[in-house]
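Report on the following structure.
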Amino acid sequence: MQWLKHAFAVDEDGPAQPTPIQQVAVDWFCLQIARRRLTTPGLLLLEVFRPMNYIGSQLLHVSRPAVWSISTKKFYSSYVALAEYLEKRGSFEYMHQRVEHFEAEMMKREKNGESIMDFIQQHMDQVRSAIHDEEIKATVDHDYS
């Protein structure tokens, strides 16, 4: 009866931690929301669609052939990583926290007269350098402009 103990197990409460390649995709997505000053509408949409995050991830998986046919290998691998991350129960909570973090960081840097694009590039370089596998590094490079 040990198998029955975990038959209806769900993910733990709280934010879901992404894998390194998912971290790059999630941070890129959250940075784009914060960079465009769409934090409030972005967070509102995250909260509205939170109950349907798994369905949304499945829609992303269904559209993978179309994305594959029109995108680069680098973008496609990040797209797949984001779709896989959204399957997790706490993914929206984590993304909510990241968008708020990036918005606060950008406001602070803007107040100090620093470049927001430099911050974005530095952050993504740090995330990418945390990934040790050279093959993964090659697949997650994006153009951040």
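The values are calculated or read from the model by the stated rules, or taken from the named source; none is laboratory data. Keep in mind that what you see is a predicted model, and the values were worked out from it rather than measured. All Cβ positions, even for glycine, are placed from backbone atoms using ideal geometry, and neighbour counts span all protein chains on display.
Identify, from the list S78, S71, S57, S115, the residue that is in contact with a Leu (Cβ under 6 Å, 6 or more places away or on another chain) and under 29 Å from S129 (Cβ atoms). Please lay out each step first, then the result.
Details: S78 fails: in contact with a Leu (Cβ under 6 Å, 6 or more places away or on another chain); S71 fails: in contact with a Leu (Cβ under 6 Å, 6 or more places away or on another chain); S115 fails: in contact with a Leu (Cβ under 6 Å, 6 or more places away or on another chain).
Of the residues listed, the single one that is in contact with a Leu (Cβ under 6 Å, 6 or more places away or on another chain) and under 29 Å from S129 (Cβ atoms) is S57.
Out of all the residues in the range 22-71, which are under 16 Å from L82 (Cβ atoms) and among the acidic types (D, E)?
Residue satisfying the conditions is D27 alone.
Take the conditions at pLDDT below 90 and either among the β-branched types (V, I, T) or surrounded by fewer than 17 Cβ atoms within 10 Å (Cβ to Cβ) (or both) and apply them to S71. Does it pass?
Numbers: at pLDDT below 90: yes; either among the β-branched types (V, I, T) or surrounded by fewer than 17 Cβ atoms within 10 Å (Cβ to Cβ) (or both): yes.
So S71 passes the test.
Tell me which of these A83 doesn't satisfy, since it passes every other one: (1) surrounded by 16 or more Cβ atoms within 10 Å (Cβ to Cβ); (2) farther than 13 Å from Q22 by Cα.
(2)
Give the residues of the range 19-35 that are of a type in the set (A, V, I, L, M) and within 8 Å of the chain's Cα centre (by Cα), sorted by residue number. Spell out the reasoning first.
Quick first cut of the range 19-35, residues of a type in the set (A, V, I, L, M) only: 21, 24-26, 31, 33-34.
If the condition is that a residue be of a type in the set (A, V, I, L, M) and within 8 Å of the chain's Cα centre (by Cα), then V24, A25, V26 are the ones that fit.
Taking only pairs six or more apart or across chains, which ones have beta-carbon atoms under 8 Å, a first residue in the range 13-35 that is in contact (Cβ under 8 Å) with a residue 24 or more places away in the chain, and a second residue that is surrounded by fewer than 17 Cβ atoms within 10 Å (Cβ to Cβ) and of a type in the set (F, W, Y)?
Between residues of the range 13-35 that are in contact (Cβ under 8 Å) with a residue 24 or more places away in the chain and residues that are surrounded by fewer than 17 Cβ atoms within 10 Å (Cβ to Cβ) and of a type in the set (F, W, Y), the close pairs are W28/Y144; L31/Y144.
Could you give me the residue pairs with C-beta distances under 7 Å whose first residue belongs to the range 86-103 and is under 17 Å from I21 (Cα atoms) and in contact (Cβ under 8 Å) with a residue 12 or more places away in the chain, whose second residue is in a helix (DSSP H, G or I) and of a type in the set (S, T, Y) wherever it lies, and which are 6+ apart or on separate chains?
Within 7 Å, the pairs are L86/S57; E87/Y54; E87/S57; S91/Y85.
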